[in-house]
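Notes follow once the structure below has been shown.
The values are calculated or read from the model by the stated rules, or taken from the named source; none is laboratory data. Computed from a predicted structure; not experimentally measured. Heads up, the Cβs are rebuilt from the backbone with ideal geometry, glycines too, and the neighbour counts pull from every protein chain shown.
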Amino acid sequence: MKQKQVLLGHGSGGQLSHDLISKIFVKHFDNPILRKQTDSALLEINATNISYTTDSYVVDPIFFPGGNIGKIAIAGTVNDLAVSGAKPLYISVGFIIEEGFSLERLEEIVKTMAEEAKKANVLIVTGDTKVVDKGKADKVFINTSGIGILDAENLHISTGKKVNIGDKIIINGSIGDHGMTIMSARNDLNIQANIQSDCACLNHLIKDIIDSGANVKFMRDATRGGVATVLTELVDKRNYGLEIKEENLVVKESVRGMCELLGFDPLYVANEGKVLMVVAEKDAQKVLDIMYSNELGKEAAIIGEIVDEHHGKGWIETGIGGKRIIDMLAGEQLPRIC
């Protein structure tokens, strides 16, 4: 392409739009379904239960240690499907691009998305591009939708309706990495930290656990609002409570240091590659072993359990032996984190 920056004409539907779609999007997202370039993707889905999700990504900055806005867009969508117990299959991608944005940077984002989709074994089958006047958006925003198929025996996972007293709560690794990476990457803070986002597609790890026959009662990816928000949602208005131990939570020293400096609790800081699972007690070790064998689960840990106390509430046992209630995040702790 002769141009170096996105022009308003790239969103016009004419020749410039055609060039942008063919020379960047189709070039990297290429697959037989997308190649047809029909107004809607024609999909063959042989399933009774279909999982469907949508999300929008406005992270700032759009490039950061461990990823970029494109990687989050694919991983976030894949993970939302996977934690419901579904097998992710197809993704749609919509771009809103600010006039003047670098075409080289755009292609870098698109290439990353293609690579992540290939790793996750999903197809990007349809999309849309809009260009807005300079100053009317902040570089680039991405919207995605995802479709997956869901076996009937996994329908309960997203609701948690089969969770019982004594079930164990497991997470696949350290917390707060993504949120603190984004904060350290923002120029206005002028903070240097050796932190990298945990952004990753978790569907293969989750599939291995489900395929093992382990009795998984509940799953949720701990993104905005962090682990604490997932835990409070899990027990809200239920006839059970939960307790976790602070000493069992893995927090990297660099993340802990930044949280202390900025006044954040790691429990509430966003993650982009962490799944929280509730599993039957008898299968807890099996699930841990599967996580340990995967690069995305090397630091997995049992952090707590479901208890027949303080129904509807989550409690954490602190490192000094005290206890406190785990509340849901109130307001926006870290804006534009994903």
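Brief remarks on what is shown
- Scanning the range 183-203 for residues that are in a helix (DSSP H, G or I) and at pLDDT below 95 turns up Met183, Ser184, Ala185, Asn187, Asp188, Leu189.
- Listed by first and then second residue, the pairs linking a residue in the range 129-157 that is free of Cβ contacts under 8 Å to residues at least 60 places away in the same chain to a residue that is part of a loop (DSSP other than H, G, I, E, B), with Cβ atoms under 6 Å apart and 6 or more places separating them unless they lie on different chains, are Lys134/Glu99; Lys134/Gly100.
- Residues of the range 13-46 that are part of a loop (DSSP other than H, G, I, E, B) and either of a type in the set (A, V, I, L, M) or within 20 Å of Ile74 (Cα to Cα) (or both): Asp30, Asn31, Ser40, Ala41, Leu42, Leu43, Ile45.
- Any chance Val131 is in contact with a Leu (Cβ under 6 Å, 6 or more places away or on another chain), β-branched (Val, Ile, Thr) and outside any loop (DSSP other than H, G, I, E, B): yes
- Selection from the range 217-247 of residues that are in contact with a helix residue (DSSP H, G or I) (Cβ under 6 Å, 6 or more places away or on another chain) and either outside any helix (DSSP H, G or I) or among the aromatic types (Phe, Trp, Tyr) (or both): Arg220, Asp221, Ala222, Gly241, Leu242
- Within the range 85-106, the set of residues being in a strand (DSSP E or B), in contact (Cβ under 8 Å) with a residue 60 or more places away in the chain and either within 21 Å of the chain's Cα centre (by Cα) or surrounded by 20 or more Cβ atoms within 10 Å (Cβ to Cβ) (or both) comprises Lys87, Pro88, Leu89, Val93, Ile97.
- Some residue of the range 248-259 being modelled with pLDDT of 95 or more, of a type outside the set (D, E, K, R), in contact with a helix residue (DSSP H, G or I) (Cβ under 9 Å, 6 or more places away or on another chain) and surrounded by fewer than 24 Cβ atoms within 10 Å (Cβ to Cβ): yes
- Annotation: of all residues in the range 6-26 being under 21 Å from Gly70 (Cβ atoms) and free of Cβ contacts under 8 Å to residues at least 24 places away in the same chain, the one that is surrounded by the most Cβ atoms within 10 Å (Cβ to Cβ) is Val26.
- For the residues Thr77, Thr48, Thr54, the requirement of being surrounded by fewer than 17 Cβ atoms within 10 Å (Cβ to Cβ), under 22 Å from Ile210 (Cβ atoms) and either without any contact (Cβ under 8 Å) to a residue 12 or more places away in the chain or not assigned by TED's automatic domain parsing to the domain that holds Leu276 (or both) singles out Thr48.
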